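Trainee: Can you keep this structure in mind? I'll have questions shortly.
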Amino acid sequence: MSEIVLRVENLRTSFFTRRGEVKAVDGVSFYVRESETFGLVGESACGKSVTALSILRLLPEPAGRIIGGKVILEGINLLDISKKAMRAFRGKKVSMILQDPMTSLNPVYTIGDQIAESVRLHQGLPDNMVQPEVISALRLLRIPAPEMRLRDYPFQLSGGMRQRVVGAIAMSCHPRLLIADEPTTALDATIQAQYIALFQEVQKKTQVAIIFITHDFGVVGKMCHRVGVMYAGKIVETAPTRVLFQAPRHPYTIALINSVPRLDRKDERLYSIEGQPPSLMNLPPGCRFFPRCSVSETVCREQEPPEVKVGDEHLVSCWKVK
Amino acid sequence: MLSVVADTVTNPSPKTSGPPRKGRFFKNIWFFIPAIVLTLLVLTAIFAPLLAPYDPIKVSMREKLLPPFFMEGGTTKHLLGTDKLGRDILSRAIFGARISLSVSLIVIAITASIGTVLGISAGYLGGRTEAFLMRVTDVSMAFPGLLLAMLLSVSIGPGFWTVILALSILGWAPYARLIRGEALRVRGSDFVAQARVNGASPMRIMLKHVFPNVLNPLIVVMTLAVGFIILAEAAMSYLGIGVPPPEPSWGSMVADGRSEIDRAWWISLFPGIAIGLVVLSGNFLGDWIRDKLDPRLRQV
Amino acid sequence: MTEALLEARDLTKYYPVTKGLLQRTIGWVRAIDGVSFSVEQGKTLSLVGESGAGKTTTARAVLLLEKLTSGLLFFEGKDIYQFSPSQLKALYRPRVQAVQQNPWSSMNPRMRVRDIVGEPLAVNTKQTKKQIRDRVEQLLAQVGLRPDHAESYPHEFSGGQRQRIAVARALALNPSLVVLDEPVSALDVSIRAQIMNLLKDLQVQNNLSYLVIAHNLATVRYMAHTVAIMYLGQIVEYGQAEELFQQPLHPYTRALISASLLILPEDEEKGKQQIILTGEMPSPLNPPSGCRFHTRCAEAQEECSKVIPEIKVIGTHWVKCLHYN
């Protein structure tokens, strides 16, 4: 097995609002290996994006604060180092792709300038070495005629191309870890398929470890090697993708997979999970999924379930799973 | 990025208790203080004859340029001193509230109403209505206001209503501009499309859907206008086309004091403080009203 | 065969592209270009396609939010473009309602749920306040909400609950046809099933017809009886959902299905290949000659760029592709 690039241990992040503490991430642990894509799947406000922002220490301050845990990249706990050291890490060792390619590019600079800025900032290359790096980044993301595209402004590119440019910026400094937060959500199905294929290719070439955040199970299946399913600030199940789809163990995962309509068969009626996720401000004392769970019993109401290993790299937090 | 937080915050469980007491107190302080200040000022204006220690226009050359009571040479007979004609500053400031407050309230009511009606019509109806209304607005904004005020003053004579007419006749244009932009935004929203699908008439859509959703910027501009109008009235008084002397207004008092500012600063300062108080209180109250009218902020 | 409730014939919408001070027209964006379909009583027709395919323009045309360049709309056999404004208000508008994609923007944030759901009644009927209130409570119950929810404002609800409110509003006038524009795509995965099931139940209970706009094929397969696949302003394949999904004919439909299928990384290593299209949808300002898909089609031949494909009926569905001539 390849080397572990990032290890997150018992990460806890809260937002302190006027109404009280919102426990957005409450004890999340996982790791990503070289050349591996780890999916973080969940619904809105389950804490998946906050996890990503916590790893990069980009939480909106002062409301958002990491209150515990470790984020270990290449033996260094990113939560211990200074802000300045963290800035050096960002972009160089870890980079991020956001959902909306429209807003993550600055409309007043050419795409060449925007990639060059990141290259200059993190690699300290002499000016004459920057251009080739920029072009090779564009080439890595298969942007046609990169020498010409350099001088384009973001508005001259289509949505799919723009998202590739964002990818090129993220990959321009050869990071070890790439965090992609819903990078395909804004794209059309056929463009999404192109983008995913492209990313698999980029990963093969660069061995980059990817944390892929999404709510879309279809994308998970295509893109991720292992998946963590998040619910109300916790990872409730971690498993290799195939295992997750074929033998999910946590009731939430099972319900979620059953509630997504399938294209390869006709569903007469979808399973639907009633109710809504709990407010992160008033979490139930026991299992967070308990109020919506169809197999719950008394213990689920009272105590939080421990994480149990049920197979190779397969962890589940549920009282009903032994 | 912040959407994560926003989501959790907008889905409070019913059990969530209100904000802590301290927070509630600090929230309402921005309502109570300005509300009390403005109420007092309005009461002052209404009951000016009862409150003022002297006749505001009574000249007494023997007592001219007396400083406020706490200064050397000041006297408790004239708490805030006197001006260069020996008129009592406190009394004039009390009576001045009448003209300054009524001019600004009436002008704001007129201009905001006209501007909102025209702005919503232009923004929602679009097409030729919009092109026509916006050209008229442009012309109004380009027209030299003082010139118009002078013309009016010459043709119908200076006075309270001339001032109001002069400030209103062009003053609606910025409102129309702003509200049109906001109405355009609301027109494109899904809920307006939905109302059209339901067959709602343009009038109904403008009243029920567009108007409530342009209130926020409208209130902000209205509260900012208070100070501007008080000062505009002062400028007009200064040029002799305002409410004619000796009737006092805060604006004209500030203007009067300008020539004496190095030796008798109190002539300008006290009415100036009054103007400042009104403007500040207006702004805070405006923010508060805006929040109260917005159901998304009301419950917090 | 059941009678068509709504029939659209050759709907076309061109937007002028203007330039300069004199607003000279320099070209036309062909948002939709000859779109025909019919929605049957109690059934669901789904328009599927990627952004820019023209599906939203089509829906807006049906809702009379968009004036067409040409084309005809028949409602219960009657040409609605011959209707007077008062006939439209009486015979068409109340019977064709809509649920929009984004439940966060489709409601006036300053109105209470009671007024939001009751608005169609207030506009179109002469019911008293009391009658409207009763009807609103009944509608809220139908979509799984409580009567006391009527007193709240939209921001107090979650996305799923808001979409239920939107459905209640659409049902207020007992419409025959409801246009659902991406009804679940803005919702969370676990909420989507709730809303889709609700929509299906309501369809059966009220014998509703749906015109569903969607980009997610799996959603369409679950919801629709008939499917129209759109590409660059035209329908390229049209037919019964089951047959269309099991035997897609058009290369674009096949690519779209392939892009939406659940494929695990291991499957790909075993050689289960996805069809990945090259390039992106061309601009509707200058649609490609011949078959509009030929610039991205892996199976394109020379004639595809020259000949405009005609409708070819195969089984219960039809396709516009030269391969089947």
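The values are calculated or read from the model by the stated rules, or taken from the named source; none is laboratory data. From a predicted model like this one, the values you see are computed outputs, not experimental measurements. Virtual Cβ from ideal backbone geometry, glycine too; neighbours counted across all protein chains shown.
Quick grid of which residues meet (1) touching a strand residue (DSSP E or B) at 6+ places or on another chain (Cβ under 6 Å); (2) of a type in the set (Val, Ile, Thr):
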residue: A:192; (1), (2): no, no
residue: A:203; (1), (2): no, no
residue: A:206; (1), (2): no, yes
residue: A:249; (1), (2): yes, no
residue: A:253; (1), (2): yes, yes
residue: A:260; (1), (2): no, yes
residue: A:268; (1), (2): no, no
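Trainee: Can you give me the number of residues within region C:183-214 that are buried (at least 22 other Cβ atoms within 10 Å of the Cβ) and part of a helix (DSSP H, G or I)?
Mentor: Adding up the residues that qualify gives 8.
Trainee: Please go through region A:247-281 and give me each residue that is more than 9 Å from chain C (Cβ to nearest Cβ) and either assigned to a helix (DSSP H, G or I) or basic (Lys, Arg) (or both), ordered by number.
Mentor: Scanning region A:247-281 gives A:249, A:251, A:253, A:254, A:257.
Trainee: Suppose we filter region C:152-163 for residues that are closer than 19 Å to residue B:195 by Cβ and buried (at least 21 other Cβ atoms within 10 Å of the Cβ); how many remain?
Mentor: The first filter runs over region C:152-163 and keeps only residues closer than 19 Å to residue B:195 by Cβ, leaving C:153-155, C:162-163.
Filter again for buried (at least 21 other Cβ atoms within 10 Å of the Cβ), leaving C:154, C:162-163.
Within region C:152-163, residues that are closer than 19 Å to residue B:195 by Cβ and buried (at least 21 other Cβ atoms within 10 Å of the Cβ) number 3.
Trainee: Can you tell me which residue within region C:288-325, out of those that are hydroxyl-bearing (Ser, Thr, Tyr) and either touching a Cys at 6+ places or on another chain (Cβ under 9 Å) or assigned to a loop (DSSP other than H, G, I, E, B) (or both), is surrounded by the most Cβ atoms within 10 Å (Cβ to Cβ)? Before the answer, list the steps.
Mentor: Keep residues of region C:288-325 that are hydroxyl-bearing (Ser, Thr, Tyr), which gives C:289, C:295, C:305, C:316, C:324.
Narrowing the set further to residues that are either touching a Cys at 6+ places or on another chain (Cβ under 9 Å) or assigned to a loop (DSSP other than H, G, I, E, B) (or both) leaves C:289, C:295, C:305, C:316.
Values: C:289: 13, C:295: 20, C:305: 13, C:316: 11.
Selected residue: C:295.
Trainee: So is residue C:192 of a type in the set (Lys, Arg) and closer than 25 Å to residue C:320 by Cβ or not?
Mentor: Working: of a type in the set (Lys, Arg): yes; closer than 25 Å to residue C:320 by Cβ: no.
The answer is no for residue C:192.
Trainee: Could I ask something else about it? If residue A:112 satisfies all but one of (1) crowded, with 19+ Cβ neighbours inside 10 Å; (2) away from chain C (no Cβ under 14 Å); (3) under 18 Å from the mean Cα position of the chain (by Cα), what's the number of the condition it fails?
Mentor: Every condition holds for residue A:112 apart from (3).
Trainee: Another question about this same structure. Give me a count of the residues in region A:237-246 that are more than 10 Å from chain C (Cβ to nearest Cβ) and over 17 Å from residue A:223 (Cβ atoms).
Mentor: 1
Trainee: Here is a follow-up. Of all residues being more than 24 Å from residue A:162 (Cβ to Cβ), in a loop (DSSP other than H, G, I, E, B) and modelled with pLDDT of 70 or more in region C:255-284, which is farthest from the other protein chains (Cβ to nearest Cβ)? Just the residue, please.
Mentor: C:273
Trainee: Hey, another quick one. So if I check each of A:47, A:39, which one is surrounded by 15 or more Cβ atoms within 10 Å (Cβ to Cβ), in contact with a Cys (Cβ under 6 Å, 6 or more places away or on another chain), within 14 Å of chain C (Cβ to nearest Cβ) and within 30 Å of residue C:159 (Cα to Cα)? Write out each step before concluding.
Mentor: On the way: A:47 fails: in contact with a Cys (Cβ under 6 Å, 6 or more places away or on another chain).
Of A:47, A:39, the one residue that is surrounded by 15 or more Cβ atoms within 10 Å (Cβ to Cβ), in contact with a Cys (Cβ under 6 Å, 6 or more places away or on another chain), within 14 Å of chain C (Cβ to nearest Cβ) and within 30 Å of residue C:159 (Cα to Cα) is A:39.
Trainee: With A:136, A:158, A:172 as the choices, which residue is among the small types (Gly, Ala, Ser) and touching a strand residue (DSSP E or B) at 6+ places or on another chain (Cβ under 9 Å)?
Mentor: Values: A:136 fails: touching a strand residue (DSSP E or B) at 6+ places or on another chain (Cβ under 9 Å); A:158 fails: touching a strand residue (DSSP E or B) at 6+ places or on another chain (Cβ under 9 Å).
Just a single option satisfies the conditions, and that option is A:172.
Trainee: Additional query: Residues in region A:224-236: is at least one within 9 Å of chain C (Cβ to nearest Cβ) and hydrophobic (A, V, I, L, M, F, W, C)?
Mentor: Start the filter on region A:224-236 by keeping residues that are within 9 Å of chain C (Cβ to nearest Cβ), which leaves A:224-225.
In the following step, the residues that additionally are hydrophobic (A, V, I, L, M, F, W, C) were identified as A:224.
Yes, the conditions are met somewhere in region A:224-236.
Trainee: Based on this model, can you work out whether residue A:50 counts as in a strand (DSSP E or B), aliphatic (A, V, I, L, M) and touching a strand residue (DSSP E or B) at 6+ places or on another chain (Cβ under 8 Å)?
Mentor: Numbers: in a strand (DSSP E or B): no; aliphatic (A, V, I, L, M): yes; touching a strand residue (DSSP E or B) at 6+ places or on another chain (Cβ under 8 Å): yes.
In short, no.
Trainee: Pairs needed: first member in region A:100-128, more than 15 Å from residue A:170 (Cα to Cα); second member anywhere, in a loop (DSSP other than H, G, I, E, B); C-beta distance under 9 Å; at least 6 residues apart or different chains.
Mentor: Filtered contacts from region A:100-128: A:102/A:186; A:107/A:153; A:108/A:153; A:109/A:153; A:110/A:150; A:110/A:151; A:110/A:152; A:110/A:153.
Trainee: Give region C:268-286 a look and list any residue that's surrounded by 14 or more Cβ atoms within 10 Å (Cβ to Cβ) and touching a strand residue (DSSP E or B) at 6+ places or on another chain (Cβ under 6 Å), or say none.
Mentor: C:284
Trainee: Can you say whether residue C:180 is surrounded by 21 or more Cβ atoms within 10 Å (Cβ to Cβ), touching a strand residue (DSSP E or B) at 6+ places or on another chain (Cβ under 8 Å) and not in a helix (DSSP H, G or I), as far as the supplied structure shows?
Mentor: Details: surrounded by 21 or more Cβ atoms within 10 Å (Cβ to Cβ): yes; touching a strand residue (DSSP E or B) at 6+ places or on another chain (Cβ under 8 Å): yes; not in a helix (DSSP H, G or I): yes.
For residue C:180, the condition - surrounded by 21 or more Cβ atoms within 10 Å (Cβ to Cβ), touching a strand residue (DSSP E or B) at 6+ places or on another chain (Cβ under 8 Å) and not in a helix (DSSP H, G or I) - is met.
Trainee: For region C:59-72, how many residues are in contact (Cβ under 8 Å) with a residue 60 or more places away in the chain and out of contact with any helix residue (DSSP H, G or I) (no Cβ under 7 Å at 6 or more places or on another chain)? Lay out the reasoning, then the answer.
Mentor: From region C:59-72, those in contact (Cβ under 8 Å) with a residue 60 or more places away in the chain are C:59, C:62-63, C:70-72; that's our starting set.
So of that shortlist, the ones also out of contact with any helix residue (DSSP H, G or I) (no Cβ under 7 Å at 6 or more places or on another chain) come out as C:59, C:62, C:70-71.
Of the residues in region C:59-72, 4 are in contact (Cβ under 8 Å) with a residue 60 or more places away in the chain and out of contact with any helix residue (DSSP H, G or I) (no Cβ under 7 Å at 6 or more places or on another chain).
Trainee: While we're looking at this one, here's another question. Could you say whether any residue in region C:117-132 is at pLDDT 90 or above and within 14 Å of chain A (Cβ to nearest Cβ)?
Mentor: no
Trainee: Looking at the structure I just gave you, is residue B:178 modelled with pLDDT of 90 or more, under 17 Å from the mean Cα position of the chain (by Cα) and surrounded by 20 or more Cβ atoms within 10 Å (Cβ to Cβ)?
Mentor: Working: modelled with pLDDT of 90 or more: yes; under 17 Å from the mean Cα position of the chain (by Cα): yes; surrounded by 20 or more Cβ atoms within 10 Å (Cβ to Cβ): no.
No.
Trainee: Restricting attention to region A:178-197, and to residues there that are hydrophobic (A, V, I, L, M, F, W, C) and in contact with a helix residue (DSSP H, G or I) (Cβ under 7 Å, 6 or more places away or on another chain), which single residue is farthest from the other protein chains (Cβ to nearest Cβ)? I'd like the intermediate steps shown before the answer.
Mentor: Initial filter on region A:178-197 (hydrophobic (A, V, I, L, M, F, W, C)): A:178-180, A:186-187, A:189, A:191, A:193, A:196-197.
With the extra rule that they be in contact with a helix residue (DSSP H, G or I) (Cβ under 7 Å, 6 or more places away or on another chain), the set shrinks to A:178-179, A:186-187, A:189, A:191, A:193, A:196.
On the way: A:178: 17, A:179: 12, A:186: 9, A:187: 9, A:189: 4, A:191: 6, A:193: 4, A:196: 9 Å.
Checking each candidate, the answer is A:178.
Trainee: Within region C:149-177, how many residues are in a helix (DSSP H, G or I) and among the small types (Gly, Ala, Ser)?
Mentor: Residues of region C:149-177 in a helix (DSSP H, G or I): C:149-151, C:154-156, C:159-171.
After this cut, where a residue has to be among the small types (Gly, Ala, Ser) as well, the list is C:150, C:159-160, C:166, C:168, C:170.
Here the count works out to 6.
Trainee: Let me ask something else. Provide a single number: the residues in region B:46-89 that are farther than 18 Å from residue B:246 by Cα and either hydrophobic (A, V, I, L, M, F, W, C) or touching a strand residue (DSSP E or B) at 6+ places or on another chain (Cβ under 6 Å) (or both).
Mentor: Going residue by residue through region B:46-89, those that are farther than 18 Å from residue B:246 by Cα are B:46-47, B:50-51, B:62, B:66-80.
In the following step, the residues that additionally are either hydrophobic (A, V, I, L, M, F, W, C) or touching a strand residue (DSSP E or B) at 6+ places or on another chain (Cβ under 6 Å) (or both) were identified as B:46-47, B:50-51, B:66, B:69-71, B:78-80.
Qualifying residue count, region B:46-89: 11.
Trainee: Determine whether residue A:66 is assigned to a strand (DSSP E or B), under 20 Å from the mean Cα position of the chain (by Cα) and surrounded by 18 or more Cβ atoms within 10 Å (Cβ to Cβ).
Mentor: For residue A:66, the condition - assigned to a strand (DSSP E or B), under 20 Å from the mean Cα position of the chain (by Cα) and surrounded by 18 or more Cβ atoms within 10 Å (Cβ to Cβ) - is met.
Trainee: Further question on the same structure: Report yes if some residue within region B:135-154 is in a helix (DSSP H, G or I), farther than 30 Å from residue B:252 by Cβ, within 14 Å of chain C (Cβ to nearest Cβ) and touching a residue at least 40 places away in the same chain (Cβ under 8 Å); otherwise report no.
Mentor: No, region B:135-154 has no match at all.
Trainee: Also: Can you tell me how many residues in region A:182-209 are outside any loop (DSSP other than H, G, I, E, B) and either closer than 18 Å to residue A:104 by Cα or out of contact with any His (no Cβ under 9 Å at 6 or more places or on another chain) (or both)? So that I can check it myself, show each step before the final result.
Mentor: Going through region A:182-209, the residues outside any loop (DSSP other than H, G, I, E, B) turn out to be A:189-206, A:209.
Pick out the ones that are also either closer than 18 Å to residue A:104 by Cα or out of contact with any His (no Cβ under 9 Å at 6 or more places or on another chain) (or both) and you get A:190-205, A:209.
Here the count works out to 17.
Trainee: Okay, moving on. Taking the condition away from chain C (no Cβ under 14 Å), more than 20 Å from residue A:183 (Cβ to Cβ), touching a Lys or Arg at 6+ places or on another chain (Cβ under 7 Å) and touching a residue at least 24 places away in the same chain (Cβ under 8 Å), does residue A:29 pass?
Mentor: Values: away from chain C (no Cβ under 14 Å): yes; more than 20 Å from residue A:183 (Cβ to Cβ): yes; touching a Lys or Arg at 6+ places or on another chain (Cβ under 7 Å): no; touching a residue at least 24 places away in the same chain (Cβ under 8 Å): yes.
Answer is no for this residue.
Trainee: Is it the case that some residue within region C:80-91 is surrounded by 18 or more Cβ atoms within 10 Å (Cβ to Cβ) and either within 14 Å of chain A (Cβ to nearest Cβ) or in contact with a Pro (Cβ under 8 Å, 6 or more places away or on another chain) (or both)?
Mentor: no
Trainee: While we're on this one: Among (1) part of a loop (DSSP other than H, G, I, E, B); (2) more than 24 Å from the chain's Cα centre (by Cα), where does residue A:106 come up short?
Mentor: Going through (1) part of a loop (DSSP other than H, G, I, E, B); (2) more than 24 Å from the chain's Cα centre (by Cα) one by one, residue A:106 breaks only (2).
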